[in-house]
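The values are calculated or read from the model by the stated rules, or taken from the named source; none is laboratory data. Remember, predicted model here, so these are calculated numbers, not experimental data. Here the Cβ is made from the backbone with ideal geometry for all residues, glycine too, and neighbour counts use every protein chain on show. Calculation scope for accessible area: heavy atoms of the full protein, side chains included, ligands and nucleic acids excluded. Shrake-Rupley method; radii C 1.70, N 1.55, O 1.52, S 1.80 Å.
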Amino acid sequence: MQAFTILTGTVAPLNRGNVDTDQIIPKQYLKTIHRTGLKEGLFADWRRRADGAQDPEFFINQPCYQQATILLTRENFGCGSSREHAPWALLDYGIRCIVAPSFADIFYNNCFQNGILPVELPGEVIQTLFDRVAHTDQYQVTVDLAQQVVTLPEGEKYSFTLDSFRKDCLLKGLDGIGLTLQHESAITAYEKRRAHEAPWLFQDFSSSVHS
Amino acid sequence: MASKTLFEKIWDQHVVREEPDGTTLLYIDRHLVHEVTSPQAFEGLRLAGRRPRRPTAALAVPDHNVPTTDRSQGIADPMSALQISTLEGNCAEFGITYYGMEDIRQGIVHVIGPEQGLTLPGMTIVCGDSHTSTHGAFGALAFGIGTSEVEHVLATQCLVQKRPKTMEIRVEGTLPDYCSSKDVILAIIGQIGIGGGTGYVVEYTGSVIRSFSMEGRMTLCNMSIEAGARAGLVSPDELTVAYVKNRPLSPKEEVFQQAKSDWLALKTDPGARFDKVIELRGKDISPQVTWGTNPGMVTDVNGHVPDPASIPDEKLRMATERALAYMGLPGGIPICDIRVDRVFIGSCTNSRIEDLRVAARYVKGKHVAQSVKAMVVPGSGLVKRQAEGEGLDRIFREAGFEWREPGCSMCLAMNADVLTPGERCASTSNRNFEGRQGKGGRTHLVSPAMAAAAAVEGHFVDIRDWKMGDQ
């Protein structure tokens, strides 16, 4: 996983609340067995209008956001399906940070697995950012994970919170599985204790399956 | 000992280790796997040279992509076919039990877990699928995860988690006739909103919840995620134990007896505190119909589609206008005036035997409206076989329904079961997001009874006033 330290980038606006992962990447793009190449599916149904023509107002269709690395959006971003194809598609497009008032739980978690930083800021700050983005060509902000601060070009600084474990993993680009495997003896001890307490949890059903 | 909630009891039993900041290594008892969210996880294992820690704790089944028509022809879509053959190959390579498409036990992963007795009270259960919350109906802590976490569980049988907050949703009293657990959960989501449960594990309590069958509890917990809660729970009782007993893979004899006493102790202690409590009265709940593009956009069947002009809040007004434009609905019209083109009875929310029995009661001796195309997709091969044994397939076919093979089908339309642009569907599934059932398709979420009645009449009807067929 790519580490995230400090990012200065163009902010792309997506001014909708409750954006679900079915919109971020519609189901026809979930048939892949790979995790790359998904940007073609990013907001596929929102890029085009009902008549099939490109929607020129949608950020992906605007030249000024082609290099955007930060997505600005509204509350409960990423709700619905657990599909990790959603952060994969955003990452494939170049998004490394998403700024919103709130995120859905599974999506929020999936971001950290892929080197994307989800930043929660209060609704009024989000509104300020939308206003600035609307009036500035290529509006850029700086996100500093170590300091947990978003700095606007006008000089304002807004701090954000996240838990220390996720922060540490993201800062260092750590492999989560590798970290867990460092505790293998604790896992083995746990399994031994539980197999005694609750043997039904450790019955091997696979042998009875084909009977 | 301090009083604990049901959630806290299960959580505490599964802590392998806890960091000072509360980050917890949580042990996972059961892992369900399907074809869409697993190929990259297995590929990750291969790239890192890792093997599953406990392959026998996992079960895999293809459900999202499978055709619901004659399967002897194979799968027409080469992408779907590849995804399913990839799952089969991965299971063979890594020693994971796999129920293939021709197996009578194949079905929607959240239907077959309970059906086979893999889902047991007190377990931690995960799957790369947000509707894993379904299994909470058994008093198991069950939640959806992403593909990276699927790989994590395969490799370590653990997940790194932060302890969520707890919410009690209590529904007391009695539910009016013609209302089901689907109406209860839709009413809950309508009240707390689609982000209302974010960060929480919900325990459903109260006499209305207690009165539900296991199927009803599964429907309820299934849609916890539509309120933003990763997991929903109902504490196990004698009904739970009776459901689990004698399932093919549930514990037997002495082990079962030992398990049973453990399971029945899984209750929230008197005096245990939840971070949040929501109360609803059963008698206030009516049959529900969604009118918009998320499950929180819902109202009573005898209500009206909202009129944006009467919404003072600008953001809410704009969201409503946008949803109604997508849905092709004028503001303010009665729900019962909405005509439907398609009816879908199925999905991990409502495809179990009880759901099919209820729907069949409403269509028996009647016929699907001329303008409507209707289908029933049983949740598993065994549900299908049981329904056929009870003659339900004949009732549906004679009423003009298509009777299909099991799978996720038109809940998310990854297979050939898709709405065309502008088509309107009464659906027993769980999501009415834009394009969910097909690009431009318009979904109204309802209970099986409401879907069946809409199929017959060609529009939504208040089933409380509707004359049913031969009962």
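Stokes-Einstein diffusion for the stretch B:14-59 at 4 °C, viscosity 1.567 mPa s, with a Kirkwood radius from C-alpha pairs, works out to 103 µm²/s.
Global dimensions of the stretch A:53-93 from alpha-carbon coordinates: Rg and Dmax equal 12.0, 30 Å.
With 10 Å bins beginning at zero, the pair-distance distribution over Cα atoms of the stretch B:244-307 amounts to 15, 22, 18, 28, 15, 2, 0 %. What the Cα convex hull of chain A gives, in volume per residue, is 163 Å³.
A simple spin-label model places the labels of B:L264 and B:S213 2.4 nm from each other, with each point 7 Å out along Cα-to-Cβ. The eigenvalues of the Cα gyration tensor, multiplied by 5 and square-rooted, give the stretch B:150-194 an equivalent ellipsoid with semi-axes of 35, 14, 11 Å from largest to smallest.
The residues packed around B:V301, meaning those with a beta-carbon under 13 Å from its beta-carbon, carry a net charge of -4 if Lys and Arg are +1 and Asp and Glu are -1. Within the protein assembly as shown, antiparallel bridges make up roughly 30 percent of the DSSP beta bridges whose residues both belong there.
Apply 1/(1 + (r/R0)^6) to the Cβ-Cβ distance of B:R339 and A:S185, taking R0 = 45 Å, and write down the FRET efficiency to the nearest 0.05. Write out the running numbers ahead of the final one.
Working: r = 64 Å, r/R0 = 1.41.
According to the calculation, E is roughly 0.10.
When the alpha carbon coordinates of the stretch B:92-176 are projected onto the principal axes, the ranges are 51, 35, 19 Å, largest first.
In the context of the full set of protein chains, residues of the protein assembly as shown present 36 Å² of accessible surface per residue (probe radius 1.4 Å, heavy atoms only). Comparing A:S159, A:S185, A:S82 in a Gaussian network model of chain A where C-alpha atoms under 10 Å apart are linked, the largest mean-square fluctuation is found at A:S185.
In percent, what relative contact order does the stretch B:14-101 have, based on Cα pairs under 8 Å that are 6 or more apart in sequence? In percent, rounded to a whole number, it is 32.
The alpha carbon convex hull volume per residue for the stretch B:1-151 rounds to 125 Å³.
Using every Cα-Cα pair within the stretch A:109-192, state what percent have a distance larger than 16 Å.
Working: 2201 of 3486 pairs.
Of all Cα-Cα pairs in the stretch A:109-192, 63 percent lie more than 16 Å apart.
Of all lysines in the structure, those lying under 18 Å Cα to Cα from B:K9, and not within fewer than 8 positions of it along the same chain, are B:K162, B:K165, B:K260, B:K267, B:K276.
What the phi angles of the stretch A:19-36 give under the Karplus curve with 6.51, -1.76 and 1.60, with θ = phi - 60°, is a coupling list of 6, 8, 6, 5, 7, 4, 8, x, 4, 5, 9, 8, 7, 6, 9, 10, 9, 10 Hz, glycine and proline written as x. Taking the alpha carbon gyration tensor of the stretch A:31-72, multiplying each eigenvalue by 5 and rooting it gives semi-axes of 20, 16, 7 Å, largest first. In this structure the amide hydrogen of B:H459, modeled in the peptide plane, comes within under 5 Å of the amide hydrogens of B:V340, none closer than 5 places in sequence on its chain.
Determine the calculated [θ] at 222 nm for chain A from helices alone, applying -39500 (n - 2.57) to every DSSP H run no shorter than 4 residues and normalising by the residue count; nearest 500 deg cm²/dmol. Could you put the intermediate results ahead of the total?
On the way: 9 runs with 71 residues, N = 211.
Roughly -9000 deg cm²/dmol at 222 nm, from the helical runs in chain A.
Across all directions, the average projected area of the convex hull around the alpha carbons of the stretch B:411-471 is 4.7 nm². Reported value for the stretch B:206-328: 172 Å³ per residue, from the convex hull of its C-alpha atoms. Here, chain B has an Rg and a Dmax of 21.5, 65 Å when only alpha carbons are counted. Annotation: extensible slack from A:M1 through A:R193 equals 65.7 nm (criterion: 0.36 nm per residue apart, minus Cα-Cα distance).
A Cα-only calculation for the stretch A:67-134 places Rg and Dmax at 11.6, 32 Å.
Computed on chain B, with alpha-carbon pairs under 8 angstrom and 6+ residues apart, the relative contact order is 17 percent. Over the C-alpha atoms of the stretch B:86-234, the Rg to Rh ratio, Rh being the Kirkwood estimate, stands at 1.00.
Which percent of the accessible heavy-atom area of the stretch B:245-365 goes to carbon and sulfur, probe 1.4 angstrom?
Numbers: 2820 of 5710 Å².
With neighbouring chains kept in place, the figure for the stretch B:245-365 is 49 percent.
Taking every DSSP helix (H) stretch of at least 4 residues in chain B, weighting each as -39,500 (n - 2.57) and dividing the sum by the residue count yields a mean residue ellipticity at 222 nm of -9000 deg cm²/dmol. Backbone phi angles across the stretch B:413-426, fed through the Karplus curve with coefficients 6.51, -1.76 and 1.60 (θ = phi - 60°), yield HN-Hα couplings of 6, 7, 9, 7, 8, 9, 6, 8, x, x, 5, 10, 10, 8 Hz in residue order; Gly and Pro are listed as x. When the accessible areas of A alone and B alone are added and the area of the pair subtracted, with a 1.4 Å probe, the result is around 5900 Å², both sides summed.
Where the convex hull is taken over the Cα atoms of the protein assembly as shown, what is its projected area averaged over directions, in nm²?
On the way: hull surface 114.1 nm².
That works out to 28.5 nm².
Note on the stretch B:339-471: semi-axes of the ellipsoid equivalent to its C-alpha gyration tensor, largest first and rounded to whole Å, are 21, 18, 12.
Using C-alpha pairs below 8 Å separated by at least 6 residues, the relative contact order for the stretch B:322-447 is 28 percent. In this calculation the C-beta distance from B:E398 to B:S85 is compared with R0 = 30 Å, giving a FRET efficiency of 0.20. Taking amide H as placed 1.01 Å from N in the peptide plane, the amide H of B:K373 sits under 5 Å from that of B:R342, B:V343, each at least 5 places away or on another chain.
For the stretch B:158-236, what value does the Rg/Rh ratio take when both radii are computed over Cα atoms and Rh is the Kirkwood radius, given to two decimals? Let's see the in-between values first.
Values: Rg = 12.5 Å, Rh = 12.7 Å.
The Rg/Rh ratio comes out at 0.98.
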